[in-house]
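First the structure, in the form of structure tokens, and then the observations on it.
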Number of protein chains: 2
Amino acid sequence: MELNEKTIAKTTIYNGKIIDLEVHDIALPNGQTSKRELVKHNGAVAVCAITPNNKIILVKQFRKPIENTLLEIPAGKLELNEDRTSAAQRELEEETGYIADDLQLITEMYGSPGFTNEKISIYFADNLRIGEMNLDDDEFVELHELSIEEATTKLQNGEITDAKTIIAIQYLLLNYNHSK
Amino acid sequence: MELNEKTIAKTTIYNGKIIDLEVHDIALPNGQTSKRELVKHNGAVAVCAITPNNKIILVKQFRKPIENTLLEIPAGKLELNEDRTSAAQRELEEETGYIADDLQLITEMYGSPGFTNEKISIYFADNLRIGEMNLDDDEFVELHELSIEEATTKLQNGEITDAKTIIAIQYLLLNYNHSK
């Protein structure tokens, strides 16, 4: 079945710091036309990091779009032409002060593929060593280290609602021996 | 720790069919100012639905932002003032032809809380009965019914990258007796 949508015309509405907005006129598989609103994003990385005493590191930060704080695994945007693994190591150290020498890719995810191309690569890391925190000027975060049981409870009672963080906790429950 | 960011001024850049774009000047917790780009979305629902022969229903559709098709659980946007559970039942029947009389909430998720308020409620449903497919005029989808093992393989080899779908499959692996 032909599913592709071809762009006939494209209007750039906005070029921003983190996102750009385009509206495309498209040809549908049946030949008719429609419009698609596209939010372009450079991509992001996130790290499911386990401390030496077997806790998952979460950061609490205010998320302006939802006017509330969220508990999330450490994450950040890719810099221009930055390698995803290096970006994950950089973001982990900047936000938490931990260095991960060895990262394993858990999965790549699209959070809202209906309107944005943002792709987040989620990594697993343990065997952390101490580095140096270094937050962006406009970044304010609170560190929380939770046992996997505590994180699971927060997922079940709705205190954790960030998609990459839900995926990371489920991954630990399925793949990580957290009783060790 | 004070984390809130207060809006000082707001500019609406775009009012669209599915999203609006606003740029806010904000006061940071330390009193300095910055900007936030916010994509407003009315919210969405998704259904992890299991057929009578124990398969998960996925829809393959072209996602213009990533210029590719994705395999996803059935999902759709909330209509104005629509109840989330009713929306999930409506979207499931429209996209797959199955009716779910009883839905259980798995979780709510924010896919990209750094720049959008889109919240997706993910439901579980089995005991489906046959209804009637009814796609939107600009919606073209291909139905795939996969065993949970087949879906897990596609997750592991990177063929499934949609966040709500990853969460649904991992939920089944953790909570659903798929050998029955």
Flag for B:V39 being within 13 Å of another protein chain (Cβ to nearest Cβ), outside any loop (DSSP other than H, G, I, E, B), touching a Lys or Arg at 6+ places or on another chain (Cβ under 7 Å) and surrounded by 17 or more Cβ atoms within 10 Å (Cβ to Cβ): no
Single residue of the range B:86-108 satisfying the filter (free of Cβ contacts under 8 Å to residues at least 40 places away in the same chain and in contact with a Ser or Thr (Cβ under 8 Å, 6 or more places away or on another chain)) that is surrounded by the most Cβ atoms within 10 Å (Cβ to Cβ): B:E108
Residue list for the range B:130-180, restricted to those being part of a strand (DSSP E or B) and in contact (Cβ under 8 Å) with a residue 40 or more places away in the chain: B:V141, B:E142, B:L143, B:H144, B:E145, B:L146, B:S147, B:D162
Test: B:F115 is aromatic (F, W, Y) and surrounded by fewer than 22 Cβ atoms within 10 Å (Cβ to Cβ): no
Single unsatisfied condition, B:N134 versus (1) in contact with a helix residue (DSSP H, G or I) (Cβ under 6 Å, 6 or more places away or on another chain); (2) within 30 Å of A:Q32 (Cβ to Cβ); (3) buried (at least 21 other Cβ atoms within 10 Å of the Cβ): (3)
The lone exception for B:P52 - which of (1) touching a Leu at 6+ places or on another chain (Cβ under 8 Å); (2) at pLDDT 95 or above; (3) under 18 Å from B:S147 (Cα atoms) it fails: (2)
Residues that are closer than 17 Å to A:L105 by Cβ and surrounded by fewer than 19 Cβ atoms within 10 Å (Cβ to Cβ), drawn from the range A:152-171: A:Y171
Criterion (in contact (Cβ under 8 Å) with a residue 60 or more places away in the chain, under 27 Å from A:I106 (Cα atoms) and among the hydrophobic types (A, V, I, L, M, F, W, C)) met by exactly one of B:I66, B:I120: B:I120
Condition met for B:E72 (of a type in the set (D, E), assigned by TED's automatic domain parsing to the domain that holds B:I167, without any contact (Cβ under 8 Å) to a residue 12 or more places away in the chain and closer than 27 Å to A:I19 by Cα): no
Selected residue (only one of A:N30, A:N4, A:N81, A:N15 is without any contact (Cβ under 8 Å) to a residue 60 or more places away in the chain, exposed (fewer than 15 other Cβ atoms within 10 Å of the Cβ), within 20 Å of A:N117 (Cα to Cα) and facing another protein chain (nearest Cβ under 9 Å)): A:N4
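The values are calculated or read from the model by the stated rules, or taken from the named source; none is laboratory data. The shown structure was predicted, so the numbers you read here are calculated from the model rather than taken from an experiment. Note that we place each Cβ from the backbone using ideal geometry, even for glycine, and neighbour counts take in every protein chain shown.
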